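Before any comments, here is the structure.
The values are calculated or read from the model by the stated rules, or taken from the named source; none is laboratory data. All values reported here derive from a predicted model rather than from experimental measurement. For neighbour counting, all protein chains shown are included, and Cβ atoms are generated from backbone atoms with ideal geometry for every residue, glycine included. Accessible surface is based on the protein model in full, side chains and every heavy atom, while ligands, DNA and RNA are left aside. Shrake-Rupley method; radii C 1.70, N 1.55, O 1.52, S 1.80 Å.
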Amino acid sequence: MQLFPAGYCASIPVECAPMPLKQSEAIVLRTYPLREADLLVTLFTRAEGKIRGIARAAKRSKRRFGGALEPLTWVRVYYEDREGQELARLDSCDILESPLSVTVDYPQVVALEHVAETLDELLPDREANDAIFRLAVSVLHQLRWGSIWMPLTYFQLWLVRLVGFLPELSECIACGASLNGGRAYYHVLSDGLMCSQHKRLASSELLPESRALAAQMFRLPLESFAVGSGDAGQYSDLRKFLVQILERHIEKKLVTAGMLAKL
């Protein structure tokens, strides 16, 4: 017995068919409330870079999301992209590592927020970058333990290098003279370091020990540096130099950089 006329199935619109779900490791950067129970989520995915998506009924669904959409949670996300739509539809998330699994103090919260803000402001949409993703996961793990300053310095230095903004640290941009063994200066409106002769008014010094640390960080993984070492004053000149580079390129001030400066 024929229940449907010939050719009936072929006439069903293609858009009615379920779309296959994509999946990727991801770091949750931002969440915003949307309508009564939905969330608008910004994720840095390993597969596709930064994406934005809607998590339907996320405030009510513990089975699909639970605490997985807390900022800076490392997750495996399942999502759907529809042609012509800017926002993905987030189906569910599995937590791989959460900052809420340990007790964090206020400086750690600010440091975590700095990582999220910097990645969100700096990274383009839908452009995968595995090196930056691995850097972010490593730094987020280290920020959960002890002092924040060494992981933050490592994050800022490598991020500036990986996006191609880091100038040569061993020579003067004005005359090309070697800065090794000499004093080096930077200015908020300049793209590199200057020698004593060519430094601009209101320049700041990048100390030799900070340049030596940068050279070490380029050779060694973050885990090689003692967890919990350093204080707010140590290598602050290097962090200031790196933040100025980031802010100059994104053309805005990082809110969390100001918060870190007050710690």
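Put the Cα centre of the stretch 168-243 next to the Cα centre of the stretch 131-152 and the gap is 20 Å.
Extension gain for Cys175 to His141 (0.36 nm times residue separation, less C-alpha to C-alpha distance): 8.1 nm.
Estimated from helices alone, the mean residue ellipticity of the chain at 222 nm is -9500 deg cm²/dmol (sum of -39500 (n - 2.57) over DSSP H runs with n ≥ 4, per residue).
Between the C-alpha center of the stretch 22-41 and that of the stretch 73-119 there is a gap of 8 Å. Within the chain, the longest run free of GluC sites (Glu not before Pro) that sit in a DSSP loop with at most 12 other Cβ atoms within 10 Å is 169-250.
Here the gap between Glu209 and Leu162, fully extended at 0.36 nm per residue and compared with their Cα-Cα distance, gives a gain of 14.7 nm. The fraction of accessible area contributed by carbon and sulfur in the chain is 54 percent, rounded to a whole number (1.4 Å probe; ligands and nucleic acids excluded). Residues whose amide H lies under 5 Å from that of Glu171, counting only those 5 or more places away or on a different chain, are Leu179; hydrogens are built 1.01 Å from N in the peptide plane. Given their separation in residues at 0.36 nm each and the Cα-Cα distance between them, Arg89 and Leu220 gain 43.3 nm when the chain is fully extended. Determine the relative contact order of the chain: mean sequence separation of Cα pairs under 8 Å and six or more apart, normalised by residue count, in whole percent. Across the chain, relative contact order equals 15 percent. Taking every lysine pair in the chain that is 8 or more places apart or spans two chains, those with Cα atoms closer than 23 Å amount to 12.
Approximating the spin labels as points 7 Å out from Cα along Cα→Cβ, the Asp130-to-Ser101 distance works out to 2.4 nm. Spin-label pair Arg63-His198: with each label point 7 Å from Cα along the Cα-Cβ axis, the two points sit 6.6 nm from one another. Computed from backbone phi, the HN-Hα couplings of the stretch 84-99 come to x, 10, 6, 8, 7, 10, 7, 8, 6, 9, 10, 6, 9, 7, 10, x Hz, rounded to whole numbers (Karplus: 6.51 cos²θ - 1.76 cosθ + 1.60, θ = phi - 60°; Gly and Pro given as x).
For the chain, the solvent-accessible area works out to 52 Å² per residue, with a probe of 1.4 Å and every protein chain left in place.
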